[in-house]
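Have a look at the structure below, then the notes.
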Amino acid sequence: MYVITGATGHTGHIIAEELLAAGKKVKAVVRNATKGAALAEKGAQLAVGDLEDAVFLKETFKGAEAVYLMVPPKWNITDWRAYQREIIQNFVDALQGSGVKYAVVLSSMGAHMPTGAGPVSGLYDLEQALKTVEGLNVLNLRAGYFMENFFGNIGLIKAAGIQGYTLNEDLKVPLVHTHDIAEVAVKHFLTLDFEGHSHVFVAGAADYTMTEATAILSDAVGKPFHYVQFSPEDARAGMIGAGLPETIADGYNELFAGLNSGEYLNGYERDASNTTPTTFEDFAKKEFAVAFNAAS
């Protein structure tokens, strides 16, 4: 039995569906049965509950061979790191004595940083905490920056003709599609070819500066817009003005500062083993442009 947390999310639903197609038994962790209905129709057993419920998780993990772990975002919190630590402790408590031997974890580049990487430093906590579970083999998928994150800029682009972050204009960042992350997870789930505690980078097809990425998106939608490097103060004000809690705005600023410093990508080098197939150009044409044109 494979237990998939975040089973209706970008990576989780693909992992669950492909494991089912491969003839594996899958328990899909979902917040409500309606969202998990499509997976249930394909043969998944639904575990309906919340990752903040330690008792629920303990029962859900019991007797599984392998689990997919991810800390889902939560946008109405006052302390982002405290929320992450709560979920992490629940994972650890549920895994202890559960019989689970393997875990594939949605982590991130930068997860070697205990501080200075915003929400990604919470994934450092996750990677370290899992080392306390006796007999558990863990593979951490240290992914690059999600291509899908650019959907969040559509409103700004339409309103102001710009796309902006605090990232340096000349900083190259690996951009990866979440579908490719899921495919890497499935590959390792089907072989269970990892022991101890290890990580692999999942880096997408290429590295881009934000200026380059913006030009690709602009070309795909047929509308001129350009990249602006915001100051941390302006970025924070913009995020809070858009409704994000201060803890999340500060977390993103810290994450981007970690990228700008170079420490965030320390240890990452692109090679054939971490390069995945989906190009940013394909994403821009087939997904971003569709979403952009559909937005009011």
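Suppose we filter the stretch 129-158 for residues that are within 18 Å of the chain's Cα centre (by Cα) and open to solvent by 50 Å² or more (accessible area, probe 1.4 Å); how many remain?
4
Does residue 176 satisfy the criteria of being over 23 Å from residue 289 (Cβ atoms) and either free of Cβ contacts under 8 Å to residues at least 24 places away in the same chain or of a type in the set (Val, Ile, Thr) (or both)?
Details: over 23 Å from residue 289 (Cβ atoms): no; either free of Cβ contacts under 8 Å to residues at least 24 places away in the same chain or of a type in the set (Val, Ile, Thr) (or both): yes.
Taking the combined requirement at face value, the residue does not satisfy it.
Per-residue answers, yes or no, for (1) in contact (Cβ under 8 Å) with a residue 60 or more places away in the chain; (2) among the hydrophobic types (A, V, I, L, M, F, W, C):
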{"residue": "77", "(1), (2)": "yes, yes"}
{"residue": "80", "(1), (2)": "yes, yes"}
{"residue": "83", "(1), (2)": "no, no"}
{"residue": "90", "(1), (2)": "no, no"}
{"residue": "99", "(1), (2)": "no, no"}
{"residue": "103", "(1), (2)": "no, yes"}
{"residue": "109", "(1), (2)": "yes, yes"}
{"residue": "115", "(1), (2)": "no, no"}
{"residue": "129", "(1), (2)": "no, yes"}
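Residues checked against (1) among the aliphatic types (A, V, I, L, M); (2) open to solvent by less than 50 Å² (accessible area, probe 1.4 Å); (3) out of contact with any strand residue (DSSP E or B) (no Cβ under 7 Å at 6 or more places or on another chain); (4) over 23 Å from residue 137 (Cα atoms):
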| site | (1), (2), (3), (4) |
| --- | --- |
| 15 | yes, yes, no, no |
| 27 | no, yes, no, no |
| 37 | yes, yes, yes, yes |
| 40 | yes, yes, no, yes |
| 50 | no, no, yes, yes |
| 61 | no, yes, no, no |
| 66 | yes, yes, no, no |
| 85 | no, no, yes, no |
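For residue 7, work out the one condition from (1) in contact with a strand residue (DSSP E or B) (Cβ under 6 Å, 6 or more places away or on another chain); (2) surrounded by fewer than 16 Cβ atoms within 10 Å (Cβ to Cβ); (3) in a loop (DSSP other than H, G, I, E, B) it doesn't fulfil.
It is condition (2) that residue 7 fails.
Being farther than 26 Å from residue 131 by Cβ, of a type outside the set (Asp, Glu) and open to solvent by 20 Å² or more (accessible area, probe 1.4 Å): is that true of residue 237 here?
So residue 237 passes the test.
Is it true that some residue in the stretch 192-208 is in contact (Cβ under 8 Å) with a residue 60 or more places away in the chain, part of a loop (DSSP other than H, G, I, E, B) and either open to solvent by 40 Å² or more (accessible area, probe 1.4 Å) or of a type in the set (Val, Ile, Thr) (or both)? Let's see the steps before the verdict.
Narrowing the stretch 192-208 to residues in contact (Cβ under 8 Å) with a residue 60 or more places away in the chain: 192, 194, 197-208.
Remaining after also requiring part of a loop (DSSP other than H, G, I, E, B): 192, 194, 203-205.
From what's left, either open to solvent by 40 Å² or more (accessible area, probe 1.4 Å) or of a type in the set (Val, Ile, Thr) (or both): none.
Within the stretch 192-208 (the criterion being in contact (Cβ under 8 Å) with a residue 60 or more places away in the chain, part of a loop (DSSP other than H, G, I, E, B) and either open to solvent by 40 Å² or more (accessible area, probe 1.4 Å) or of a type in the set (Val, Ile, Thr) (or both)), the answer is no, since none of the residues qualifies.
Quick check on my filter: what residues within the stretch 246-277 are more than 12 Å from residue 119 (Cβ to Cβ) and either at pLDDT below 95 or not in a loop (DSSP other than H, G, I, E, B) (or both)?
Within the stretch 246-277, 246, 257, 259, 260, 261 meet the criteria.
Kindly establish whether residue 75 is of a type in the set (A, V, I, L, M, F, W, C), open to solvent by less than 60 Å² (accessible area, probe 1.4 Å) and modelled with pLDDT under 95.
Working: of a type in the set (A, V, I, L, M, F, W, C): yes; open to solvent by less than 60 Å² (accessible area, probe 1.4 Å): no; modelled with pLDDT under 95: yes.
So residue 75 fails the test.
Between 118, 97, 110, which is on the phi > 0 side of the Ramachandran plot, open to solvent by 50 Å² or more (accessible area, probe 1.4 Å) and of a type outside the set (A, V, I, L, M, F, W, C)? It would help to see each step written out before you state the result.
On the way: 118 fails: open to solvent by 50 Å² or more (accessible area, probe 1.4 Å); 110 fails: open to solvent by 50 Å² or more (accessible area, probe 1.4 Å).
Answer to the selection: 97.
Could you count how many residues in the stretch 170-213 are within 21 Å of the chain's Cα centre (by Cα) and polar (S, T, N, Q)?
Result for the stretch 170-213: 3.
Where in the stretch 58-176 are the helices (runs of 4 or more DSSP H), entirely inside, with at least 2 residues that are touching a Leu at 6+ places or on another chain (Cβ under 8 Å) and farther than 20 Å from residue 251 by Cβ? Let's see the steps before the verdict.
On the way: elements: 80-95, 119-130, 154-160.
Correct list: 80-95.
Which of the residues spanning the stretch 269-296 are farther than 25 Å from residue 157 by Cβ and open to solvent by 30 Å² or more (accessible area, probe 1.4 Å)?
Here is the first cut: in the stretch 269-296, the residues farther than 25 Å from residue 157 by Cβ are 269-277.
Scanning the stretch 269-296 gives 269, 270, 271, 272, 273, 275, 277.
The values are calculated or read from the model by the stated rules, or taken from the named source; none is laboratory data. Quick caveat: nothing in here was measured; it's all calculated off a predicted structure. Glycine gets a Cβ as well: all are built from the backbone with ideal geometry, and neighbour counts include every protein chain shown. All accessible areas refer to the heavy atoms of the entire protein, side chains included, with ligands and DNA or RNA removed. Shrake-Rupley method; radii C 1.70, N 1.55, O 1.52, S 1.80 Å.
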